[in-house]
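Structure record follows, encoded as structure tokens.
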Amino acid sequence: MPGADLPRVPGVLTARQFLQSAESIAATQESDGALPWFTGGHTDPWDHIENAMALTAAGLLDEARAAYLWSAKTQRAEGSWPSQFRDGVIENEHSDTNFCAYIATGVLHYSTSTGDYVFAREMWPVVRDAVNFVLSLQQGRFGEIHWSAGPQGSSGEALLTGCSSIFHSLRCALALADQLGDPQPEWEVAALRLGHALRDHPEAFLDKARYSMDWYYPVLSGAIRGRAAQARIDTHWPTFVVPDLGIRCVSDQPWVTGAETCELVLTLDAIGDTSRALHLFTNMQHLRESDGSYWTGLVFTDGKRWPEERTTWTAAATLLAADALTRTTPAHNIFRTLLPHLPTPTTCTCPEPSTP
């Protein structure tokens, strides 16, 4: 049963509403434990874990454990997952490295929330194999990680948002390794290299600057902190933030989205900008439905919901943001102070690239 001490944001979201949103996620869970985007929709390994984290925050632990066991059952021998399932059938066999790494974030969140290290130890081989698969696609140039792999090999391309999320997942994996007494020093080296690429080598990544996630994810992940983080957020604030509604998913489209807004809430909270975080969290509640679910987004030029979907992962991001803002569950700070700090050199000493 859910615990009595659930996150509540005064004047914005009650504890009962928090639980109601978690229950709207749980209502979509399939018999094998999968948590799809919505009933009848597809399941991807990243959003599945985000949903499991929200269920954990709400005390729906049976459902959360079933979700993690689904991840264990569907993992392939080399540590990866297909990037898309529907009704237990694989729809896309390619593996997304960011999707695969996120299991580390989820299991650490669960063990920290519950103190159930027996279950964390049961899941540890899944996490270990997933991280090792992801790091097999790390590149020697700067430490970036290719975003996708399939039967013909890797994509040959790295994404800033995906690698930022992987950086956070690597830090979670290192924290989990410490919890379980199985240190992985080579993962720390890999994380240091990846963090360096995220901070100092934008040329290592495809240019996706029109997407808001490329703006805030290097900060959310912890790769960029301090004054540089605040400057990054402030510089692009007018580009993406739509007053009283939330943030744009894409800079040149009149579309605000709930999940991206709540991830920015988590980002602002992580760097101590709590006033703006709470303001944004309050503003995005126009996406909430009476059953506790959340619409994905709103086209603000015509006031229409688009797409016409209430996605579980939008509700999940909202619940994780509420927990972070209210410091309620033991894992509320997984994007802020829970993880060990990795050294961040102040200057890049890489040689200048040679000119042809």
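Take the residues in segment 20-50 that are free of Cβ contacts under 8 Å to residues at least 60 places away in the same chain and out of contact with any helix residue (DSSP H, G or I) (no Cβ under 8 Å at 6 or more places or on another chain); name whichever of them is farthest from GLU289 (Cα to Cα).
Here the residue is SER31.
Return only the number of the condition from (1) crowded, with 24+ Cβ neighbours inside 10 Å; (2) over 22 Å from ALA67 (Cα atoms) that PRO307 does not satisfy.
Condition not satisfied by PRO307: (1).
If the requirement is being of a type outside the set (D, E, K, R), surrounded by fewer than 20 Cβ atoms within 10 Å (Cβ to Cβ) and on the phi < 0 side of the Ramachandran plot, which of these qualifies: LEU198, LEU180?
On the way: LEU198 fails: surrounded by fewer than 20 Cβ atoms within 10 Å (Cβ to Cβ).
None of the other options fit; the residue is LEU180.
All but one of (1) assigned to a helix (DSSP H, G or I); (2) closer than 21 Å to LEU180 by Cα hold for SER21; state the number of the condition that does not hold.
All conditions pass for SER21, except number (2).
Condition check ((1) under 27 Å from LEU339 (Cβ atoms); (2) among the aliphatic types (A, V, I, L, M)) across all residues:
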{"residue": "ARG16", "(1), (2)": "no, no"}
{"residue": "ASP32", "(1), (2)": "no, no"}
{"residue": "GLU50", "(1), (2)": "yes, no"}
{"residue": "GLY59", "(1), (2)": "yes, no"}
{"residue": "SER83", "(1), (2)": "yes, no"}
{"residue": "THR97", "(1), (2)": "yes, no"}
{"residue": "ALA104", "(1), (2)": "yes, yes"}
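Answer yes or no: is there a residue in segment 60-74 that is part of a loop (DSSP other than H, G, I, E, B), buried (at least 21 other Cβ atoms within 10 Å of the Cβ) and without any contact (Cβ under 8 Å) to a residue 60 or more places away in the chain. Please lay out each step first, then the result.
Filtering segment 60-74 for residues part of a loop (DSSP other than H, G, I, E, B) gives 60.
Keeping just the survivors that are buried (at least 21 other Cβ atoms within 10 Å of the Cβ) gives 60.
Imposing the further condition that a residue be without any contact (Cβ under 8 Å) to a residue 60 or more places away in the chain reduces the set to 60.
Yes: segment 60-74 contains one or more residues that are part of a loop (DSSP other than H, G, I, E, B), buried (at least 21 other Cβ atoms within 10 Å of the Cβ) and without any contact (Cβ under 8 Å) to a residue 60 or more places away in the chain.
Being of a type in the set (Ser, Thr, Tyr), buried (at least 16 other Cβ atoms within 10 Å of the Cβ) and free of Cβ contacts under 8 Å to residues at least 60 places away in the same chain is the filter here; which residues of segment 310-346 pass it?
Hit for segment 310-346 is THR314, nothing else.
Name every residue in segment 305-318 that is in contact with a Ser or Thr (Cβ under 6 Å, 6 or more places away or on another chain) and in a helix (DSSP H, G or I), in order of residue number.
Within segment 305-318, THR312, THR314, ALA315 meet the criteria.
Quick one: in segment 150-164, which of the residues that are of a type outside the set (Ser, Thr, Tyr) and crowded, with 22+ Cβ neighbours inside 10 Å is farthest from GLU260 (Cα to Cα)?
Step one: of segment 150-164, the residues of a type outside the set (Ser, Thr, Tyr) are 150-153, 156-160, 162-163.
Right, trim to crowded, with 22+ Cβ neighbours inside 10 Å and you get 158-160, 162-163.
On the way: ALA158: 21, LEU159: 17, LEU160: 15, GLY162: 14, CYS163: 17 Å.
Taking the candidates together, the pick is ALA158.
Would it be correct to say that THR337 is out of contact with any strand residue (DSSP E or B) (no Cβ under 7 Å at 6 or more places or on another chain) and at pLDDT below 90? Step through it out loud before you land on a result.
Working: out of contact with any strand residue (DSSP E or B) (no Cβ under 7 Å at 6 or more places or on another chain): yes; at pLDDT below 90: no.
When the stated conditions are applied, THR337 does not pass them.
The values are calculated or read from the model by the stated rules, or taken from the named source; none is laboratory data. Remember, predicted model here, so these are calculated numbers, not experimental data. Glycine gets a Cβ as well: all are built from the backbone with ideal geometry, and neighbour counts include every protein chain shown.
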